[in-house]
Amino acid sequence: MTLLTTWPDSGPDTLLLRTGEAAGIAAALTPAGVRFERWPVRGGLPAGASAEAVLTAYAPEVARLTAEEGFAAVDVAALHPDGSPGEEAKAAAARKKFLAEHTHDDDEVRFFVAGAGVFYLHVDGLVHAVHCERGDLLGVPRGTRHWFDMGTVPSFTAIRFFHAPDGWAATFTGSDIASRFPSFDDLRAGRPA
């Protein structure tokens, strides 16, 4: 279930907001310049669908957003470990890369075609944990401090949008704030930090 959970950045002991309502999520994130939308879910796409099949299925939405925002590149990122040797280590390395707070010089815009992940947005003294699932589009403005957790058993397919044709690179803040908040797995299980 798509879910927004908000705490003060001092820690998760005080719950400020929890909602799964799309309009409520969008309203809570708009003051931070964050875009949240629900797109129609296209059936018939298996978890391992090719990038071409994914982009074809969502061509109208991709074209609209690209025209509105002036994106120069669009691609598909997918991680669906199959249990084969080395896949768990590859997934763990991919997860670890994004668990520390960082920023980008470009917007980070993702549409979840399948699976789930949590974007943690550190804005104006708050931490917003946005648990995104199939059908969710999240646009994080450039320079926003954030981190991303795909869980210990990651499984997702996402369309990514870039203003710069070569994508983006992360600039890490050096903060340990991410270690003080519930993980993807904790949030999915309903456990506190």
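Coordinate-derived values only; no laboratory data. Because the structure is a prediction, the values reported are computed rather than measured. As a convention, Cβ positions derive from the backbone with ideal geometry for all residues, glycine included, and neighbour counts pool all protein chains shown.
Rounded to the nearest 500 deg cm²/dmol, what is the calculated helix-only ellipticity per residue at 222 nm for the chain, with -39500 (n - 2.57) per DSSP H run of length n ≥ 4?
-6500 deg cm²/dmol
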(request) With r as the distance between the Cβ atoms of SER175 and GLU88 and R0 = 25 Å, compute the FRET efficiency 1/(1 + (r/R0)^6) and round to 0.05. (result) 0.35
(message) Within 14 Å, Cβ to Cβ, of VAL41, how many net charges do the neighbouring residues add up to if Lys/Arg are +1 and Asp/Glu are -1?
(response) -1
(request) Return the long-range amide H neighbours of ASP107 (sequence gap of 5 or more, or a different chain), with a cut-off of under 5 Å between placed amide H atoms. (result) ARG142, HIS163
(request) Write down the Kirkwood hydrodynamic radius of region 3-189, to one decimal in angstroms, obtained as one divided by the mean of 1/r over all alpha carbon pairs. (result) 16.9
